[in-house]
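The values are calculated or read from the model by the stated rules, or taken from the named source; none is laboratory data. Just so you know, these numbers come straight off a predicted model, no measurement behind them. Here Cβ is always computed from backbone atoms with ideal geometry, including for glycine, and neighbour counts include all displayed protein chains.
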Amino acid sequence: MGKRHLYLVLGFAFFGIGVAGVVLPVLPTTPFMLLALWAFSNSSERFHNWLYNHPKFGPSLQKWRSHGVVPRRAKVSALTVMACSLTFLTMFTEVHWAVMFSAAALMLIGATFLMTRPSQIPVEYDDPTDRVL
């Protein structure tokens with residue numbers, strides 16, 4: 001299997017997980033759609049354009065590309081999953097302290113990145129028809 005095919009498979013896998021996130025509150029949709037878009041950009045211009053212009057998923061992807069926007073709902077979902085994962089890791093497993101510390105540090109880095117992204121398009125670019133909820 002070539003590199004292009006691997007990216008294509010990854011794109012569809014991330015897309016599938018993202019679609020599951022629409023109905024499952026513990027899975028954030030937007031990060032998986034961003035990963036799918038990245039994978040498609042490395043494998044198929046057709047699927048990249050399809051996802052980027054998709055009526056349901058396209059607007060969030062376009063706002064990320066143009067303004068670095070991560071919707072508040074995606075932030076809350078991602079932070080909730082991180083907190084639940086770390087709680088599960090500390091309470092119900094017996095992993096070495098270094099593994100737990102590493103997991104917590106990586107989650108903190110991810111959470112910090114998310115929290116430093118805007119939740120909506122900055123006012124100077126604001127278009128009332130283009131709001132992120």
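Some notes on this structure:
- Number of the condition not met by residue 124 [criteria: (1) closer than 30 Å to residue 50 by Cβ; (2) assigned to a helix (DSSP H, G or I); (3) at pLDDT below 90; (4) not β-branched (Val, Ile, Thr)]: (1)
- Only listed residue being at pLDDT below 95, among the aromatic types (Phe, Trp, Tyr) and touching a helix residue (DSSP H, G or I) at 6+ places or on another chain (Cβ under 6 Å), chosen from 40, 15, 47, 32: 32
- Residue match in segment 78-91 (condition: closer than 15 Å to residue 33 by Cβ, under 14 Å from the mean Cα position of the chain (by Cα) and not assigned by TED's automatic domain parsing to the domain that holds residue 31): yes
- Test for residue 69: is it under 26 Å from residue 16 (Cα atoms) and either among the polar types (S, T, N, Q) or touching a residue at least 60 places away in the same chain (Cβ under 8 Å) (or both): yes
- Which numbered condition residue 8 misses (of (1) closer than 27 Å to residue 115 by Cβ; (2) surrounded by 16 or more Cβ atoms within 10 Å (Cβ to Cβ); (3) not assigned by TED's automatic domain parsing to the domain that holds residue 111): (1)
- Flag if residue 103 is outside any loop (DSSP other than H, G, I, E, B), modelled with pLDDT of 90 or more, in contact with a Leu (Cβ under 9 Å, 6 or more places away or on another chain) and among the aliphatic types (A, V, I, L, M): yes
- Test result for residue 131, farther than 30 Å from residue 3 by Cα, of a type in the set (Lys, Arg) and modelled with pLDDT under 90: yes
- Some residue of segment 89-98 being polar (S, T, N, Q), free of Cβ contacts under 8 Å to residues at least 60 places away in the same chain and assigned to a loop (DSSP other than H, G, I, E, B): yes
- Checking residue 70 against (1) surrounded by 11 or more Cβ atoms within 10 Å (Cβ to Cβ); (2) part of a helix (DSSP H, G or I), the condition it does not meet: (2)
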